[in-house]
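The values are calculated or read from the model by the stated rules, or taken from the named source; none is laboratory data. Bear in mind the structure is a predicted one, so any value in this text is a computation, not a measurement. All Cβ positions, glycine included, derive from the backbone under ideal geometry; neighbour counts span all protein chains shown. The protein model used for the area step is the full one, side chains on, heavy atoms only, and it has no ligands, DNA or RNA in it. Shrake-Rupley method; radii C 1.70, N 1.55, O 1.52, S 1.80 Å.
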Amino acid sequence: MKKATNNYDETLIIGRGGFGTVYKGLLPDTRIVIIKKSKTVDESQIEQFINEVVVLSQINHRNVVKLLGCCLETQVPLLVYEFIPNGTLFEYIHHKNKASTVSWEIHLRIAAETAEALSYLHSAASPPIIHRDVKSSNILLDSTHTAKVSDFGASRLVPLDQTQLATMVQGTLGYLDPEYMQTSQLTEKSDVYSFGLVLIELLTGEKAISFDKPEEERSLAICFLSFLKDNRLFEILEKHIAKEGKAEQLMEVANLAKRCLRLKGEDRPTMKEVAIELEGLRKMEMHSWVDVDSNSEETKFLLGETSDSYKYNASN
């Protein structure tokens, strides 16, 4: 790892955080990798790194970043990941020059791929995995803007006989599930709430929380729900998204985000339901010949029923 990073050369640092430092490295076989180095010899940090190894070693999904290896025998732990060249979704959404170059179709695909990855963690992984820190800066984009969910240091494996875990509240301000904050009971629906914020970011181009705004406008979730309630959705949408996207489709995605943000976790859809709905909306985007306003069986099948009262059954 020292050789790959030229003895941890500062010019190769591509990120810093509370956990430590992230380097871009070059292996002897010419593969470019990401090396995550813990900041200090701190027991909680080491535990977080080991947790990430345990979680990622059980995951094999095209929309989850791959852990290539680790070293836990050095003074501080090291994790080695595949290199994802296009940075984070956060950078793309909030870097105005970049955001305007990414089409609504790609925005929708990124949302669908992220939802599919989270659905896999919740429904297909054994035992199920709750990510616990879903946010746009933890979604990486490759050279084709394919989404890769990353950073599993805070994730939790859910014992098969349980649906919720009592934990110390952990996550990122602006994305945290209010129910989880109040009860300390972590469930899969906590990830659903956080994903709802990512959907709203994709729609509006705004940050989940903005301290440079007046207090009543700081929370994106509160602002968005207020605009939606007053039938002013298109006033808060990012300009090129509002111009490029189909009105009906944008409204469907907005209402899906609204359902993800319901205060009670039991009232939110599952990530599997969210993924199915987004994939249906993608199909409508790809097949523009479908008449969205029609009442055809095909339209219903592609979209899924998206009213607030609709409850998915087990067969879905």
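Evaluating residue 285 against the criteria (1) at pLDDT below 90; (2) within 30 Å of residue 128 (Cα to Cα) leaves one unmet condition, (2). Of all residues assigned to the stretch 62-81, at least one qualifies as being under 21 Å from residue 275 (Cα atoms), open to solvent by less than 30 Å² (accessible area, probe 1.4 Å) and either of a type in the set (Phe, Trp, Tyr) or in a strand (DSSP E or B) (or both). Scanning the stretch 247-273 for residues that are among the hydrophobic types (A, V, I, L, M, F, W, C), part of a loop (DSSP other than H, G, I, E, B) and crowded, with 18+ Cβ neighbours inside 10 Å yields one hit, 261. From the residues in the stretch 123-136 that are out of contact with any His (no Cβ under 9 Å at 6 or more places or on another chain) and under 26 Å from residue 249 (Cβ atoms), which one is modelled with the lowest pLDDT? Restricting to residues being out of contact with any His (no Cβ under 9 Å at 6 or more places or on another chain) and under 26 Å from residue 249 (Cβ atoms), the top hit is 123. Under 9 Å between Cβ atoms, which residue pairs at least 6 apart in sequence (or on different chains) link something in the stretch 212-230 that is assigned to a strand (DSSP E or B) with a partner that is open to solvent by less than 60 Å² (accessible area, probe 1.4 Å)? So the pair list comes out as 219/174; 219/208; 219/209; 219/210.
Would you check if residue 244 is of a type in the set (Asp, Glu) and open to solvent by less than 60 Å² (accessible area, probe 1.4 Å)? Write out each step before concluding.
Numbers: of a type in the set (Asp, Glu): yes; open to solvent by less than 60 Å² (accessible area, probe 1.4 Å): no.
Against the criterion (of a type in the set (Asp, Glu) and open to solvent by less than 60 Å² (accessible area, probe 1.4 Å)), residue 244 does not qualify.
Could you list, in sequence order, the residues of the stretch 13-25 that are within 22 Å of residue 73 (Cβ to Cβ) and open to solvent by 40 Å² or more (accessible area, probe 1.4 Å)? Listed by number, the list holds a single entry, 19.
Hey, among 217, 235, which residue is over 17 Å from residue 112 (Cα atoms), among the acidic types (Asp, Glu), open to solvent by 30 Å² or more (accessible area, probe 1.4 Å) and modelled with pLDDT under 90? Let's see the steps before the verdict.
On the way: 235 fails: modelled with pLDDT under 90.
Residue meeting the stated conditions: 217.
Residue check: residue 93 meets all listed conditions (1) modelled with pLDDT of 90 or more; (2) in a helix (DSSP H, G or I); (3) open to solvent by 70 Å² or more (accessible area, probe 1.4 Å) but one, namely (3).
Does the stretch 37-51 contain at least one residue that is more than 30 Å from residue 249 (Cα to Cα) and at pLDDT 80 or above? Step through it out loud before you land on a result.
Narrowing the stretch 37-51 to residues more than 30 Å from residue 249 (Cα to Cα): 37-51.
Imposing the further condition that a residue be at pLDDT 80 or above reduces the set to 37.
Yes, some residue in the stretch 37-51 is more than 30 Å from residue 249 (Cα to Cα) and at pLDDT 80 or above.
For the stretch 53-65, a tally of residues being in contact (Cβ under 8 Å) with a residue 60 or more places away in the chain and in contact with a Pro (Cβ under 9 Å, 6 or more places away or on another chain) returns 1. For residue 142, the criteria (1) open to solvent by 40 Å² or more (accessible area, probe 1.4 Å); (2) in contact with a Pro (Cβ under 9 Å, 6 or more places away or on another chain); (3) modelled with pLDDT of 90 or more hold in every case but one, which is (1).
Filtered by the rule that a residue be among the charged types (D, E, K, R) and open to solvent by 40 Å² or more (accessible area, probe 1.4 Å), the stretch 191-214 gives 206, 207, 212, 213.
Hey, does the stretch 192-210 have a residue that's more than 17 Å from the chain's Cα centre (by Cα) and either free of Cβ contacts under 8 Å to residues at least 24 places away in the same chain or not in a helix (DSSP H, G or I) (or both)? Looking through the stretch 192-210, at least one residue is more than 17 Å from the chain's Cα centre (by Cα) and either free of Cβ contacts under 8 Å to residues at least 24 places away in the same chain or not in a helix (DSSP H, G or I) (or both).
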